[in-house]
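A short write-up of the structure that comes next.
The values are calculated or read from the model by the stated rules, or taken from the named source; none is laboratory data. What you see is a predicted model, and the numbers here were worked out from it, not measured in a lab. All Cβ positions, glycine included, derive from the backbone under ideal geometry; neighbour counts span all protein chains shown. Ligands, DNA and RNA are excluded from the accessible area calculation, which covers all protein heavy atoms including side chains. Shrake-Rupley method; radii C 1.70, N 1.55, O 1.52, S 1.80 Å.
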Amino acid sequence: MTIKFLGAAGTVTGSKYLLETSKKKLMVDCGVFQGLKELRLLNWAQPEFDPQTIDAVLLTHGHLDHTGYLARLVKLGFRGKIYGTGPTLKIAEIILKDSAKIQEEEAARANKDGYSKHHPAVAFYDLEDVEKTVPLFNPVAEGKWHVIEDDFRVRWPYNGHIIGSTSVEVEFHHKYVVFSGDIGRKKDLLLFPPKKPEKADVLLIESTYGGRIHGDEENIIPELERIINESVERGGSVFIPSFAVERTQLMMLMIWRLLKEKRIPKIPMIMDSPMGANVLHLFHYSRDWHKLDPEECDDMCSHFRVVSNFRETLALRKDEKPKIVIAGSGMMTGGRILNYMEARSGNSKDTLLFVGYQAEGTRGRKLLEGDKKIKVYGKWLPFSMHIEQIEGLSAHGDQNDLIDWLSEIKKQPEKLFIIHGETEQACALQQRIKEVYQWDSEIPKINQKVEL
């Protein structure tokens, strides 16, 4: 059996791993690269495998960097089954449809305004490709063993992070290969703690925050309170780029609790993310996956205006009255937040608040690093908004969480790979694992192939 690291190796995004035996090929996760241009170009490159020969795809969770290549895979000839938990597959469908729509719209806009280098600009995949992908989805029960493609036993243990998220454990000829997926936090306002693996002959562990320790949750709420109140006192609004899955719902919960406790003024609270609205609906019907009770969820939602169409966005971005707007996407790589930036990036009264990880090369990362202009829809605009960042809100576990997740593995893995992290974070986790467990590990490179 071999494994090939097709993505999220030496970088955070593009999770794709090809597990191959003499008879079968399984892909674990199927995400797109985000951030740096040289990484994004890899999405368009001829893949280092034949999509038609893949027998099945196993998903850890629904985020774009773990599922966003699925429709492209189908476009290139894949016809196998796609396995994941029910919420994961529903989120994947929501995200793929949203992504396809954005790509179609951006290609049309680029062709109309003539700012693309490609003539004509085309979508990476379209809604028709997504419609061919969804029928391949096969839901699996969390935590139970399933026989996949005759040769493999696979299970999907609860992993926190986002609703539906799991790790993936593959048993083949009495050998266990464990893919961590994205590991959630031990303490989380919305989600339960991740389940820990007890056995792993081969282990792949993510390292997004492999060298960092999240701040104390008790300090986050007062920080959010301060940022909102200072913005309102200036006569400005707070714009929060947010991942539609989990982060948006968490921000809504925290802001609603501040309002309920009268710690912030009663101003319009807006959730402008069609995808976020769909995920919020999913929260209502996936009770076993999170801590919110139905009454709390209903009350929270009643205080937010959920934007349903683009005309509302255009009207809201012109409205100068203070408000709080949560909009996708979390790293400002697309979505409704760019519509607000197009009109508001030069407004010094407004605040742009980052509440999640900003990958290298993304608009969010560049602004955090001090850029004073922002490129939106092919145009460079001045940027003079107040910038704030609340750290410790990530849905990813920090170094302590990652080390703790390994704590119940009774025997040292034969091979341990550190993935899904920028080099600095991966190296920090590698060093910490050596200190705590005395385990050796490897940080693989993209397209590296290893005999297991």
task: Mind listing just one residue for me: the one in segment 340-357 that is at pLDDT 95 or above, out of contact with any strand residue (DSSP E or B) (no Cβ under 6 Å at 6 or more places or on another chain) and not hydrophobic (A, V, I, L, M, F, W, C) and, of those, nearest to residue 103 (Cα to Cα)?
output: 344
query: What about residue 241, is it out of contact with any Pro (no Cβ under 9 Å at 6 or more places or on another chain) and either of a type outside the set (D, E, K, R) or surrounded by fewer than 23 Cβ atoms within 10 Å (Cβ to Cβ) (or both)?
result: yes
- prompt: Can you pull out the residues in segment 346-392 that are free of Cβ contacts under 8 Å to residues at least 12 places away in the same chain and not in a strand (DSSP E or B)?
  reply: 366, 369, 370
task: Can you work out which of the residues in segment 73-102 that are of a type in the set (D, E, K, R) and closer than 22 Å to residue 121 by Cβ is least open to solvent (accessible area, probe 1.4 Å)?
output: 98
query: What residue, of 59, 64, is open to solvent by 40 Å² or more (accessible area, probe 1.4 Å) and within 14 Å of the chain's Cα centre (by Cα)?
result: 64
message: So residue 45 ticks every box in (1) in contact with a His (Cβ under 6 Å, 6 or more places away or on another chain); (2) free of Cβ contacts under 8 Å to residues at least 24 places away in the same chain but one. Which box is left unticked?
response: (1)
message: Please go through segment 408-438 and give me each residue that is outside any helix (DSSP H, G or I) and surrounded by fewer than 15 Cβ atoms within 10 Å (Cβ to Cβ), ordered by number.
response: 408, 410, 411, 412, 414, 438
query: If you go through segment 217-225 one residue at a time, do you hit one that is acidic (Asp, Glu) and in contact with a helix residue (DSSP H, G or I) (Cβ under 6 Å, 6 or more places away or on another chain)?
result: yes
query: Checking residue 395 against (1) outside any strand (DSSP E or B); (2) open to solvent by less than 40 Å² (accessible area, probe 1.4 Å); (3) modelled with pLDDT of 95 or more; (4) within 28 Å of residue 247 (Cα to Cα), which single condition isn't satisfied?
result: (3)
message: Need the failing condition index for residue 314 against (1) part of a helix (DSSP H, G or I); (2) open to solvent by less than 50 Å² (accessible area, probe 1.4 Å), just the number.
response: (2)
- line: Taking segment 368-385 and keeping residues touching a Leu at 6+ places or on another chain (Cβ under 7 Å) and closer than 16 Å to residue 241 by Cα leaves 374, 376, 383, 385
message: Condition first: open to solvent by 10 Å² or more (accessible area, probe 1.4 Å), touching a residue at least 60 places away in the same chain (Cβ under 8 Å) and of a type in the set (D, E, K, R). Can you find one or more residues in segment 169-181 that meet it?
response: yes
- request: Would you mention how many residues in segment 191-229 are without any contact (Cβ under 8 Å) to a residue 60 or more places away in the chain and assigned to a helix (DSSP H, G or I)?
  value: 6
Pick from segment 187-198, criterion at pLDDT 95 or above and touching a Pro at 6+ places or on another chain (Cβ under 9 Å), ranking: most open to solvent (accessible area, probe 1.4 Å): 195
- prompt: Out of all the residues in segment 350-371, is one or more out of contact with any helix residue (DSSP H, G or I) (no Cβ under 8 Å at 6 or more places or on another chain) and more than 27 Å from residue 421 (Cα to Cα)?
  reply: no
query: Any idea which of 240, 221 is farther than 24 Å from residue 433 by Cβ and either at pLDDT below 95 or in contact with a His (Cβ under 6 Å, 6 or more places away or on another chain) (or both)?
result: 221
task: Could you please give the count of residues in segment 151-188 that are touching a helix residue (DSSP H, G or I) at 6+ places or on another chain (Cβ under 6 Å) and of a type outside the set (D, E, K, R)?
output: 3
- request: Out of the residues in segment 280-295 that are open to solvent by 90 Å² or more (accessible area, probe 1.4 Å) and assigned to a loop (DSSP other than H, G, I, E, B), state the one that is farthest from residue 162 (Cα to Cα).
  value: 285
message: Which condition from (1) of a type outside the set (Lys, Arg); (2) touching a residue at least 40 places away in the same chain (Cβ under 8 Å); (3) closer than 17 Å to residue 193 by Cβ is the one that residue 403 breaks?
response: (2)
